[in-house]
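The values are calculated or read from the model by the stated rules, or taken from the named source; none is laboratory data. Just so it is clear, the model here is predicted, and its values are computed rather than measured. Note that each Cβ is placed from the backbone with ideal geometry, even for glycine, and that neighbours are counted across all protein chains shown. Side chains included, ligands, DNA and RNA excluded: accessible areas come from the protein's heavy atoms. Shrake-Rupley method; radii C 1.70, N 1.55, O 1.52, S 1.80 Å.
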Amino acid sequence: MKQESTQVLYGLYNDEEVLLHAVKKAKEDHLDIMDVYSPFPVHGLDNILGLTESRIHIAGFIYGLIGCLSAFLFMTWVFTRDWPIIFGGKPYFSALAFIPITFEVTVLFASVGMVVTFYTICGMGPGVDNPTLDDRITDDKFCIAFDVDNADESKQAALRQFLTDTGAEEVNVKSI
Amino acid sequence: MSAPISAIREPLITGSKTYHTITEDICGPTERTPTTAWVIAFIVAVTGLALYVFSVTWTIWVGIGSWNLNRTINWGWDITNFVWWVGIGHAGTLISAILLLFRQKWRTGVNRAAEAMTIFAVMCAGQFPLIHMGRLWLGFFIFPYPNTRGPLWVNFNSPLLWDVFAISTYFTVSLLFWYTGLVPDFATVRDRAKGLRRKIYSYVSFGWTGSAKHWQRWEALSLVLAGLATPLVLSVHTIVSFDFATSVIPGWHTTIFPPYFVAGAIFSGFAMVQTLMIMTRKVLKLEDYITLEHIDSMNKVILATGSIVGVAYLTELFIAWYSGYIYEQFAFYNRVMGPYFWSYIGMMGCNVISPQIFWSKKMRRSILVTFFMSIFINIGMWFERFVIIASTLARDYLPSSWSYYSPSWVEVCLFIGTLGLFSTLYLVFMRVAPVVAVAEIKGILKTGGDQYVGPNIKHDNAHKESTQH
């Protein structure tokens, strides 16, 4: 979700293996890849691109912990402080009976929290319309994009050459 | 999760598909005018839905007295239907979550539709406890909200309240999991569409671009959600079984209930998945994605869970005898020989005896046999819940209050109505969303496509060094 438009030079590849080799080559040549787009998750791509592992599971753990504690402590508070009632001669603090709800609320908090976090950090949500480079990227094309806003003619030509050399079927410029 | 699948496995995608033909095949049906078969099915389904609306209105207008429940048998078709529908839902989560953790690649062909089935089945299930309350407009009393009566809280020690939490959590988590999987595929549909269609799919695809970082997060999220959904799905039917098992009614008060209910749930759910998949693959011409291999795999799960259920039935009988406790013994004698003996026969016949046919590979791979078996199993599992609920309640401790129950027309219409509700939702889903997970199928093409693996392997693809790992 960029405010101003960016000039993007991108190449479309037909196969994920060609794409992986191209990304590897770009890294060796120290080219600054803006982003890589693909119709499905390409395995090994995140390592080659040097993406750090997603920390979304850590967030999930924290949300789960919040859910777990709030459910358990709330039930404890209700049955020991706020309105103690004896059910079937059991103690007010009958921790075992709190387990099912504690578990469910833990899962609920972790899942909802993680999903909301995922869409937020990806800049996605209902009705959000992020610009896309090519309609075929969600179909059968794999795309390497370079930011060429501040690149001069020769730099652009070199990038074009790189894309064609590594097997890109099409090379285009688009401002998004 | 990409070790090449075993050489003895058959290809999971046939017809030498390319990435583009996959998109065409799966997104195509959402773009064409509905077929006559779909329109007829939809009219039937909506008629069922209308019947549902009518019988719910009738129940609320006249009151629960319009059902044939009585003092002795106070749970009948309503709770039977509730447990049946929840059970059906379980297969979707099993396919999408547990098989994801076990890295079973065949799940990709069926997971989308199975998850949709889960969500719709849980929606149908949720209706029954709500209507059963009688005064539907006070339904929010089941949630612990700060109220002006004290506040007076709900009973957190009650299995019925655990159920409220379990079912609502299950519904929410399944919906989120399913929708997150749908987002990239909605983006595929969006990028093929024009005009208003494009606007609508653009709205529901949340601005998906297919960026590498997004895919990485998406996979991480899917894996953790699967990890959460796995214990969740086991907990849901465990808690449903607690509704019975924590009571002191002979025949209900047994420790075998949780595993036995979970196995039964998976069993009936897979049967429903088979029923739907056999029709879906035929109508939408998806035989290349939902292959005989998929049907075979699911029939193996049906055979395994059906046998677990069978062992559970026999264990119950044995333990009832072995306990030496006359009330328990009578409860089970009554189940087999009592006034509802016919439902016990239906249950045993459909759930235990008939699935044994699947020991034969030929039967497992026969579409016709599978289809009829899936219907049998759904009937059998409905009988199981009816046996547990009605036959147990009909003969309680006090012979003077023994009773017999058969449903009123309202209860029958409610059940048929939920089938209408379910079918309507499923048919709409078939029209508007890709019924097979497009992105996930593309991800397994090179390890599951028939031009890469199996007997029809093409030589230009053989011995190709794969960068997948």
Check your understanding: Among (1) among the charged types (D, E, K, R); (2) in contact with a Leu (Cβ under 8 Å, 6 or more places away or on another chain); (3) not in a helix (DSSP H, G or I), which single condition is B:ARG112 missing?
Key -> (3)
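Residues checked against (1) at pLDDT 90 or above; (2) open to solvent by less than 40 Å² (accessible area, probe 1.4 Å); (3) in contact with a Cys (Cβ under 7 Å, 6 or more places away or on another chain); (4) more than 8 Å from chain B (Cβ to nearest Cβ):
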| site | (1), (2), (3), (4) |
| --- | --- |
| A:LYS27 | no, no, no, yes |
| A:ILE33 | no, yes, no, yes |
| A:LEU45 | no, yes, no, no |
| A:LEU49 | no, yes, no, no |
| A:ARG55 | yes, no, no, yes |
| A:ALA59 | yes, yes, no, yes |
| A:TYR63 | yes, no, no, yes |
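Pick from region A:3-18 the residues that are more than 16 Å from B:THR18 (Cα to Cα) and part of a loop (DSSP other than H, G, I, E, B): which of them is nearest to the other protein chains (Cβ to nearest Cβ)?
Of the residues in region A:3-18, the ones more than 16 Å from B:THR18 (Cα to Cα) are A:3-12.
When the remaining residues are screened for being part of a loop (DSSP other than H, G, I, E, B), the result is A:3-6.
Working: A:GLN3: 15, A:GLU4: 18, A:SER5: 15, A:THR6: 13 Å.
Checked region A:3-18; the qualifying residue nearest to the other protein chains (Cβ to nearest Cβ) is A:THR6.
Test B:THR238 against the stated conditions and say whether it is free of Cβ contacts under 8 Å to residues at least 12 places away in the same chain and under 16 Å from A:PHE103 (Cβ atoms). Don't jump to the end; show me each part of the working.
On the way: free of Cβ contacts under 8 Å to residues at least 12 places away in the same chain: no; under 16 Å from A:PHE103 (Cβ atoms): yes.
So B:THR238 does not fit the description; no.
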Study note, to complete from the structure: Scanning region A:81-97 residue by residue, the ones that are open to solvent by less than 50 Å² (accessible area, probe 1.4 Å) and more than 9 Å from chain B (Cβ to nearest Cβ) total 1
Revision key, fill the gap. Residue hits (region A:143-173; part of a loop (DSSP other than H, G, I, E, B), loosely packed, with under 15 Cβ neighbours inside 10 Å and touching a strand residue (DSSP E or B) at 6+ places or on another chain (Cβ under 6 Å)) are A:ASP149, A:GLU169
Point to revise | Whichever residue in region A:103-130 is open to solvent by 30 Å² or more (accessible area, probe 1.4 Å) and within 8 Å of chain B (Cβ to nearest Cβ) and, among such residues, is farthest from the chain's Cα centre (by Cα) | key: A:PHE103
Practice item. Only one of these is within 14 Å of chain A (Cβ to nearest Cβ) and either modelled with pLDDT of 95 or more or within 25 Å of the chain's Cα centre (by Cα) (or both): B:ALA433, B:ALA390, B:ALA439. Name it. Key: B:ALA439
Point to revise | Every pair of residues 6+ apart whose Cβ atoms lie under 8 Å, when the first sits in region B:263-289 and is polar (S, T, N, Q) while the second is open to solvent by 20 Å² or more (accessible area, probe 1.4 Å) and assigned to a helix (DSSP H, G or I) | key: B:GLN274/B:PHE371; B:THR275/B:PHE371; B:THR275/B:ILE375
Exercise for review: Look at region B:128-142 and say how many of its residues are surrounded by 12 or more Cβ atoms within 10 Å (Cβ to Cβ) and either touching a strand residue (DSSP E or B) at 6+ places or on another chain (Cβ under 6 Å) or part of a loop (DSSP other than H, G, I, E, B) (or both).
Suggested key: 2
Point to revise | Boolean, A:PRO100 is within 30 Å of B:CYS27 (Cα to Cα), within 14 Å of another protein chain (Cβ to nearest Cβ), of a type outside the set (Asp, Glu) and without any contact (Cβ under 8 Å) to a residue 40 or more places away in the chain | key: no
**Study point:** region A:126-176, residues that are free of Cβ contacts under 8 Å to residues at least 12 places away in the same chain and under 29 Å from B:GLU24 (Cβ atoms)
**Key:** A:PRO126, A:GLY127, A:ASP129, A:ASP135
Review point. Going through region A:129-142 one residue at a time, which ones are assigned to a helix (DSSP H, G or I) and among the basic types (Lys, Arg)?
Key: A:ARG136
Practice item. Pull up region B:10-37, narrow it to residues that are in contact (Cβ under 8 Å) with a residue 40 or more places away in the chain, open to solvent by 40 Å² or more (accessible area, probe 1.4 Å) and in a helix (DSSP H, G or I), then point me to the one that is farthest from B:ASP185 (Cα to Cα). Key: B:ALA37
Review point. For the subset of region A:1-25 comprising residues that are open to solvent by less than 30 Å² (accessible area, probe 1.4 Å) and out of contact with any Leu (no Cβ under 9 Å at 6 or more places or on another chain), which member is farthest from A:ILE144 (Cα to Cα)?
Key: A:THR6
Check your understanding: If B:PHE120 satisfies every condition in (1) under 15 Å from B:SER168 (Cβ atoms); (2) modelled with pLDDT of 90 or more but one, which is the exception?
Key -> (1)
Exercise for review: Find all pairs meeting these conditions: Cβ atoms under 8 angstrom apart; at least six residues apart or on different chains; first residue within region B:47-66 and among the charged types (D, E, K, R); second residue in a helix (DSSP H, G or I).
Suggested key: none
Study note, to complete from the structure: All-but-one check, A:PRO39 against (1) on the phi > 0 side of the Ramachandran plot; (2) under 26 Å from the mean Cα position of the chain (by Cα), failing number (1)
Point to revise | Residues within region B:395-430 that are in contact (Cβ under 8 Å) with a residue 12 or more places away in the chain, in a helix (DSSP H, G or I) and over 18 Å from the mean Cα position of the chain (by Cα), tallied | key: 6
Exercise for review: Kindly indicate which of B:MET363, B:MET347 is touching a helix residue (DSSP H, G or I) at 6+ places or on another chain (Cβ under 9 Å), assigned to a helix (DSSP H, G or I), under 19 Å from B:GLY76 (Cα atoms) and of a type in the set (A, V, I, L, M).
Suggested key: B:MET347
